[in-house]
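Accompanying notes for the structure given below.
The values are calculated or read from the model by the stated rules, or taken from the named source; none is laboratory data. The structure presented is a predicted model; accordingly, all values stated were derived computationally and were not measured. Cβ coordinates were reconstructed from backbone atoms using ideal geometry, including for glycine residues, and neighbour counts include every protein chain displayed.
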Amino acid sequence: MLELNKKVMIRSDRFHKGAHNGQIGTIVHIYPEKSNCKSARFEVRLNKEHLGDSLVWLFEDELVKVADLEIPIEPVDPEQMKKWTAAARERAKNN
């Protein structure tokens, strides 16, 4: 469930044709759902200004909670990265 002040990663952006993919931001406003919209809309403040934007408006299906990511945002030890990658492959193989 996406909530106010949650960190999210943008996985697509229909309005800029994917230009914000991979950007990290924080949800600052949630618009009420409307009957003609397929999902909730969110206002996200980008951590770093990108393409002159500091705020973007996105739909729920365009966002991933940072806590849901398998790999941390900060740089990690290469050996730890290999372990995470192997574990992810194993999970994918079993599903």
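List of remarks:
- Test: residue in the range 62-69 that is at pLDDT 85 or above and surrounded by 12 or more Cβ atoms within 10 Å (Cβ to Cβ): yes
- V56 vs. criteria surrounded by 12 or more Cβ atoms within 10 Å (Cβ to Cβ), part of a strand (DSSP E or B) and at pLDDT 85 or above: yes
- Failed item, numbered, when E49 is tested on (1) at pLDDT 80 or above; (2) part of a strand (DSSP E or B): (1)
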